[in-house]
1. Averaged per residue, what accessible surface does the stretch 2-150 expose to a 1.4 Å probe, in Å²?
2. Treating the beta-carbon of each Lys and Arg as +1 and of each Asp and Glu as -1, no other charges, what is the dipole magnitude of the chain about its Cα centre, to the nearest 20 debye?
3. Indicate, rounded to the nearest 5 percent, the antiparallel portion of the DSSP beta bridges found entirely in the chain.
4. If you put +1 on each Lys and Arg Cβ and -1 on each Asp and Glu Cβ, how big is the dipole of the stretch 1-53 around its Cα centre, in Debye rounded to 20?
5. THR53 versus ALA128, label points 7 Å from Cα toward the beta carbon: distance in nm?
6. Put a dot 7 Å past each Cα toward the Cβ at CYS176 and THR5; how far apart are the dots in nm?
7. If you take the charge dipole of the chain about its Cα centre, with +1 on Lys and Arg Cβ and -1 on Asp and Glu Cβ, which of SER115, ASN244, VAL182 is farthest toward its positive end?
8. Could you sort LYS126, LYS253 by accessible area so the largest value comes first, with the probe set to 1.4 Å?
Amino acid sequence: GDDITATGGIDKPFKTCKAALKKFPPTRGMVLTLRGGTYPATDAIRLSNISATVDSPFIITNYKDEKVVFSGSKEISGNWSETTINGVKAFVTDMPIENDSDYFRSLFKGDKRLSRSTYPKEGMFKVADPSEGEAIAGSHAPDFFTHSVAFYAKTNEILNFANASDVEVKVMHFWCDEHLPVHSVDAATGRVETTKPSAMRIRVDDNFIFENVKETLTLPGEWYLDRAEDKLYYIPEEGDTVENTVLQAGVNKQLFTFNGVDNIDFQGIDFINTDW
């Protein structure tokens, strides 16, 4: 369809959901029918002020048996070149990261979520010293809501990271997975400082790993995003070529947002490939 001359009927459909919702603000008892295809939602689709009822809901559905997909990713294809990293074959492409909205932590190949390069490659490390004297007191009781800004790892488990600011440390404790961007790493002392405090207190023997590590990018299907060089590296899997490799970078964390709505009914729709 198109968004200029469309009437919104089956013979002259709109091209985008945003155009349809703009021309026909949803009301109770309305049905928005989507033809098959993948609808990129790199910005969240906002639904607001819809007072549908249980008996007359606002329905968003697929047309007949056609497959409808909302994707929170952008396509990466066509500009790969071959290189070598850590002694293995890799593909690389330009990936400018001008601000935080360009950065992504999720990369997909079809329906498969690919793994960022991690350290260690297997298992996990354990916190040697939580450096509790640097922690920030939390506003909630009990004290596991204390916010840590640094901890110490064992010195023999620290790498001299080429791009420490690209690395994230993932701390797995309580019921929470912390994703903390690294500010600095001191290989001599094992001190790891993060750019933001943890949501929950870091303790001795808490499990952690490092993610997005250039030095450990080695396995097929792994990737590394290099902000210093504005490059994306990918270790190809069997059958991958620079011509046929198509990946999707998760750039949106929310596909829809809702404000003041009641009784929205989604039917026959897949929601895929958001960041995180």
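The values are calculated or read from the model by the stated rules, or taken from the named source; none is laboratory data. None of these values were measured; they are calculated from a predicted model. With ideal geometry, Cβ positions are generated from the backbone for all residues, glycine too; neighbour counts draw on all protein chains shown. Areas reflect the complete protein model, heavy atoms only, side chains present, ligands, DNA and RNA absent. Shrake-Rupley method; radii C 1.70, N 1.55, O 1.52, S 1.80 Å.
1. Value returned for the stretch 2-150: 59 Å² of accessible area per residue.
2. 800
3. Values: 46 of 70 bridges.
Around 65 percent antiparallel, to the nearest 5.
4. Values: 8 positive and 4 negative charges, 26 e Å.
Charge dipole of the stretch 1-53: 120 debye, to the nearest 20.
5. Result for the modelled spin labels: 6.8 nm.
6. Output for this residue pair reads 5.7 nm.
7. The residue sitting most towards the positive pole is ASN244.
8. Solvent-accessible surface, decreasing: LYS253, LYS126.
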